[in-house]
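K.L.:
Here you go, one structure.
The values are calculated or read from the model by the stated rules, or taken from the named source; none is laboratory data. These numbers come from a predicted model, not from an experiment. We place every Cβ from the backbone using ideal geometry, glycine too, and count neighbours over all the protein chains shown.
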């Protein structure tokens with residue numbers, strides 16, 4: 001049972017990491033005029049990506065100083081998701097296999 005919960009959480013974090021990457025790529029493509037947000041499908045995809053990533057990106061952007069047009073908050077969020085995946089992995093191995101020493105490394 002613990003393996004199923006671990007796999008679901010791990011994959012959810014992995015999907016969220018890809019959503020952040022896609023949202024950043026989408027933003028760049030829109031800003032360069034490659035994608036037209038007047039197209040309904042493009043707007044729907046952009047709105048979906050914005051709604052799922054913005055609640056996590058907004059607090060990071062508020063903490064960062066103004067860097068002109070450069071937004072590194074997606075990189076920080078991807079790193080945070082990676083750290084969460086690593087913590088989850090270590091907890092899983094500690095609980096499932098009794099490897100408590102792996103928690104400290």
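To keep it simple, each residue is scored yes or no on (1) assigned to a helix (DSSP H, G or I); (2) touching a residue at least 60 places away in the same chain (Cβ under 8 Å); (3) within 20 Å of residue 11 (Cα to Cα).
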site	(1), (2), (3)
36	no, no, no
55	yes, no, yes
60	yes, no, no
69	no, no, no
79	yes, no, yes
82	yes, yes, yes
93	yes, no, yes
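K.L.:
Checking the conditions here, which among 46, 102 is at pLDDT 95 or above and part of a helix (DSSP H, G or I)? Please lay out each step first, then the result.
P.N.:
Values: 102 fails: at pLDDT 95 or above.
When all the criteria are applied, what remains is 46.
K.L.:
Taking into account only those residues within segment 64-85 that are at pLDDT 95 or above and more than 14 Å from residue 24 (Cβ to Cβ), which is surrounded by the fewest Cβ atoms within 10 Å (Cβ to Cβ)?
P.N.:
Filtering first and then ranking leaves 83.
K.L.:
For segment 1-29, enumerate the residues that are modelled with pLDDT of 95 or more and more than 20 Å from the chain's Cα centre (by Cα).
P.N.:
Correct list: 4 only.
K.L.:
Another question about this same structure. Quick check on my filter: what residues within segment 23-46 are surrounded by 16 or more Cβ atoms within 10 Å (Cβ to Cβ) and in contact with a helix residue (DSSP H, G or I) (Cβ under 6 Å, 6 or more places away or on another chain)?
P.N.:
In the first step, residues of segment 23-46 are kept if they are surrounded by 16 or more Cβ atoms within 10 Å (Cβ to Cβ); the result is 23-24, 26-27, 35, 45-46.
23, 24, 26, 35, 46, listed by residue number.
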